[in-house]
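Report on one structure; see the data block that follows.
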């Protein structure tokens, strides 16, 4: 039987995920982040549309909400912490307060994973960094890490592998547009974003 406290913790994690710094910052500037650039409420599109400072704020907040959700879950149990990782991710990707239209969840998943096991997080960060050096493309770097995510969890924290696999599948689904553009050779590199910026 699932205890009510467990339900409360995962619900809190989900609503933490609903916090969207990119949407909030864009709205203050009179911009709908979901109608500009790639239409994604995440760090990369915030950089593309609003610039570096709002993008950094978005990245930090999205990571922190993943960390906070898992740490809250740890007050209940290790199992609760792992489910909090899943639900803060779901809250970011499918936020009820924004009609289930959220970001792709990479930063939030990274924050939650760091709180679950920092070794997994650092390996994933290393993969992203190396791929970005060679490709200069955020989506390719993130997608390689997403594919590797369940395998790394299986080797380091096998009890988290099913949740990480579910998160990876959702992240791949959310990146389907990026995958299509990558296959067609149309995915843009970071250096090409400045020409699209709507807010100076």
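Any read-out appearing in this document is the output of simple, stated calculations on the displayed coordinates, not a laboratory observation. Keep in mind it's a predicted model, so treat the numbers as computed, not measured. Cβ coordinates were reconstructed from backbone atoms using ideal geometry, including for glycine residues, and neighbour counts include every protein chain displayed.
Points to keep in mind about this one:
- Rounded to 10°, Cα long-axis angle of helix 138-156 versus longest principal axis of the chain: 20 degrees
- Residue-span extension gain [residue 96 to residue 154] - 0.36 nm each, minus C-alpha spacing: 17.8 nm
- Here the contact order of segment 1-76, divided by its residue count and restricted to Cα pairs under 8 Å and six or more residues apart, works out to 33 percent.
- A crude spin-label estimate for the pair residue 74 and residue 11, with each label 7 Å from Cα along the Cβ direction, gives 2.5 nm.
- Working from Cα pairs under 8 Å separated by at least six residues, relative contact order for the chain is 22 percent.
- Radius of gyration over Kirkwood radius for segment 83-184, both on Cα atoms: the Rg/Rh ratio is 0.96.
- For residue 180 and residue 29, the difference between the fully extended length at 0.36 nm per residue and the C-alpha to C-alpha distance is 51.3 nm.
- Listed residues 114, 131, 155, most fluctuating in the chain (Gaussian network, C-alpha, under 10 Å): 155
- Projected area averaged over orientations for the chain, convex hull of C-alpha atoms, nm²: 11.0 nm²
- The long axis of helix 52-74 is offset from the longest Cα principal axis of the chain by roughly 10 degrees.
- Largest mean-square fluctuation among 58, 113, 135, in a Gaussian network model of the chain whose springs join Cα atoms under 10 Å apart, belongs to 135.
- Of the peptides 19-25, 160-166, 94-100, the order by per-residue mean of other Cβ atoms within 10 Å, starting with the highest, comes out as 19-25, 160-166, 94-100.
- Against the chain, whose longest principal axis is taken from its Cα atoms, helix 4-17 shows a tilt of about 10°.
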